[in-house]
1. Only one of (1) of a type in the set (Ser, Thr, Tyr); (2) touching an Asp or Glu at 6+ places or on another chain (Cβ under 9 Å); (3) not in a loop (DSSP other than H, G, I, E, B) is not met by Thr295, so which one is it?
2. Could you please find all residues in region 146-178 being in a loop (DSSP other than H, G, I, E, B) and surrounded by fewer than 20 Cβ atoms within 10 Å (Cβ to Cβ)?
3. Looking at (1) modelled with pLDDT under 95; (2) under 24 Å from Phe455 (Cβ atoms), which one does Ala122 not meet, given that it meets all the others?
4. Working carefully through the options Ala332, Ala292, find the one that is at pLDDT 95 or above, in contact with a Pro (Cβ under 6 Å, 6 or more places away or on another chain) and surrounded by fewer than 22 Cβ atoms within 10 Å (Cβ to Cβ).
5. Somewhere in region 49-60, is a residue surrounded by fewer than 16 Cβ atoms within 10 Å (Cβ to Cβ), in the same structural domain as His159 (by TED's automatic domain parsing) and part of a strand (DSSP E or B)?
6. Identify all residues within region 13-33 that are in contact (Cβ under 8 Å) with a residue 40 or more places away in the chain, touching a strand residue (DSSP E or B) at 6+ places or on another chain (Cβ under 7 Å) and either outside the structural domain of Thr60 (by TED's automatic domain parsing) or not hydroxyl-bearing (Ser, Thr, Tyr) (or both); write none if there are none.
7. Name the strands (runs of 3 or more DSSP E) wholly inside region 339-447 in which the number of residues that are under 30 Å from Asp231 (Cα atoms) is 3 or more.
8. Step by step: first the residues of region 430-461, then only those that are of a type in the set (A, V, I, L, M) and without any contact (Cβ under 8 Å) to a residue 40 or more places away in the chain, then the one that is farthest from Gly414 (Cα to Cα). Which residue is that?
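The values are calculated or read from the model by the stated rules, or taken from the named source; none is laboratory data. Predicted model, so just to flag it, every value in this text is computed and none were measured. Note that each Cβ is placed from the backbone with ideal geometry, even for glycine, and that neighbours are counted across all protein chains shown.
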Amino acid sequence: MASLHPRDCRVTGVTLWFLPVATRVPLKFGTEALTSVTCARVRMEVVGRDGRLAHGWGETPLSVQWVWPSTTAYAPRHESLKLFARMLAQAWAGSMDWGHPMELGHDFVRDWLPRLHGDFNASGLAGASGALEPMPWLAALVACSAFDLALHDAYGRLHGVPTYETYQRPWMTRDLADFLTPEAGSGVEFRGRDVADGLRPQRVETLRAWHLVGGLDPVHPSELRGDEPDDGHPVLLADWIRRDGLKCLKVKLRGTDAAWDEQRLLSVDAVARENGVEWLTADFNCTVHDPAYVTEILDRLLVDHPGTFGRLLYVEQPFPYELAEHPIDVRAVSARKPLFLDESAHDWREVRRGRGLGWTGVALKTCKTQTGALLSACWARAHGMTLMVQDLTNPMLAQVTHALLAAHVPTIMGVETNSMQFYPDASLPEARVHPALYRRREGCIGLDTVRGPGFGHRIEEATRELPEPVYAG
């Protein structure tokens, strides 16, 4: 849809960097362990109708194990995803459309990204480095998110205002009805409503922090192997809780070993109770295929360990990613605990599909694009679903936009934030500018320093030496 709004912008240039980050301890995703990640950092230049130029920044970890679960070796999947990101840089740089970032981002993901993704897989480029299976849509979406984030930041910087102030008229020409379709018979009406209507009237400045207990993380001293890092950061769960004043723990489970999963929850909860933790959530890592696996664990907890059951605030994505391929009726689980889509929540259409299957909540992530996260939030909230903002172990600039999303949507409680567990030193330049954002204190992170136009990165103050870009155009 063509836009003639005087506040429109158009992309005039894109620069892409790959920033490698190593973990201090492994992080397990499903059947794989992450020991390093490449972050895609994007600088996007835009022009306004009056000829003024501005640039914005976006960043996303290309977490291969999460976006592309497979038995194929890591290296070819990693190289394929980086190649696709370079192709996206060229496509965004060649965009000639005018509009608001919500409009441009929505249209790119709707019209351009499926074609680029399909062509990439059909051409065999996804297998050029040995990854012989097609690249999943989630991987394409995550690669696209850094560009989408940079566009939203650039727009705010162009006009000298925080980007979140622009998600309404008079900044936008389209309302929610141009992006979203309500569930038939729901009584929901999107015509005349703005994106801002689905957000908090005012952002919160402090967020309760959820700590991730990974599948490989030692909970008790008996689980120490002797090769843990000695870098001044905690290793054992109790030490993390005491140092950071944690009140919320997310527990990674296997989803393939019910006895292990139940014992893991009980083991973590024992440490939690001793140290004043109030809430747990269980993440089954998309490996469950039968709802009975989850309901039987929950029922045993209710009967034998009611305190643990009561502290379990919600359950996260036990079932496979693609809802169309795995249309599992999950009402038996959501009748017991709130059940949140995560990996499956690609966009609002998948959220709608999930709601029809019995899911009751949505875990939002900026790594699925800022545009998509906001539209999913608006659709879900209008239809009575609960929201959460989950981490992709976001370091550096990615942490800023991740926390900002959680500050602007009414989550069930706070935000998951765990980059300070797995690669704290990666964010040292940004942490000097935003100390409360990269270190959890009294169980919370703070956004008091995130100020100014765009997303308030204040990147000019966070001096970081960047490598040579992999694309500039």
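1. It fails just one condition, (2).
2. Gly160, Val161, Gln168, Arg169, Pro170, Thr173, Arg174, Asp175
3. Among (1) modelled with pLDDT under 95; (2) under 24 Å from Phe455 (Cβ atoms), Ala122 violates only (2).
4. Being at pLDDT 95 or above, in contact with a Pro (Cβ under 6 Å, 6 or more places away or on another chain) and surrounded by fewer than 22 Cβ atoms within 10 Å (Cβ to Cβ) holds for just one of Ala332, Ala292, which is Ala332.
5. So far as region 49-60 goes, yes, one or more of its residues are surrounded by fewer than 16 Cβ atoms within 10 Å (Cβ to Cβ), in the same structural domain as His159 (by TED's automatic domain parsing) and part of a strand (DSSP E or B).
6. Scanning region 13-33 gives Gly13, Val14, Leu16, Trp17, Phe18, Leu19, Val21, Ala22, Pro26, Leu27, Lys28, Ala33.
7. 444-446
8. By that ranking, first place goes to Val433.
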